[in-house]
Amino acid sequence: MFDEVGGPTLNRHLIVTHRLRARRMQLGLTQKQVVTRLARRGIRTTNKTLSSFEHGAGVDVVRLPELAAALECTVTYLLGLTEHPAHWEPDHHPAVRRTPDSSGAPSWILGPDIPNRPHRHL
């Protein structure tokens, strides 16, 4: 179901790769600057690797939190579930189920509720 051509997995992957590049450019950052921000978080990578992420090759889901922090946005935003870079809770989107899954947890939760706090510049 999720691995079929054009299915949700492929679409989400394309959204992430597009959002990585678009957000970097929106912030006016070079790939080198993003790599430096990632290094401050203990993530060693190269411009070449970041470029490959932005062009659809091998985005590591484990690195999404660090990528989001370096790009001053949320993982929810990178995944295309909200249009606002600072929002955690997904927008009302038809593809997002708001009912509990089989475990009883709401299926739309992707992260903790983060209280409003002053924005930290990296």
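For L110, the test of being under 13 Å from the mean Cα position of the chain (by Cα) and at pLDDT below 80 is passed. In the condition set (1) modelled with pLDDT under 90; (2) under 24 Å from D91 (Cα atoms), T74 is compliant with all but (1). Here T17 does not fit the description of being more than 24 Å from E83 (Cα to Cα) and either in a loop (DSSP other than H, G, I, E, B) or at pLDDT 80 or above (or both). Of everything in the range 8-36 that is among the basic types (K, R) and surrounded by 15 or more Cβ atoms within 10 Å (Cβ to Cβ), the residue that is nearest to V62 (Cα to Cα) is R12.
Checking each residue in the range 37-83 for being surrounded by 15 or more Cβ atoms within 10 Å (Cβ to Cβ), under 10 Å from the mean Cα position of the chain (by Cα), assigned to a helix (DSSP H, G or I) and among the β-branched types (V, I, T) picks out V75, T76.
The values are calculated or read from the model by the stated rules, or taken from the named source; none is laboratory data. Source: prediction; values computed, not measured. Please note: Cβ atoms are built from the backbone with ideal geometry, for glycine as well, and neighbour counts cover all protein chains shown.
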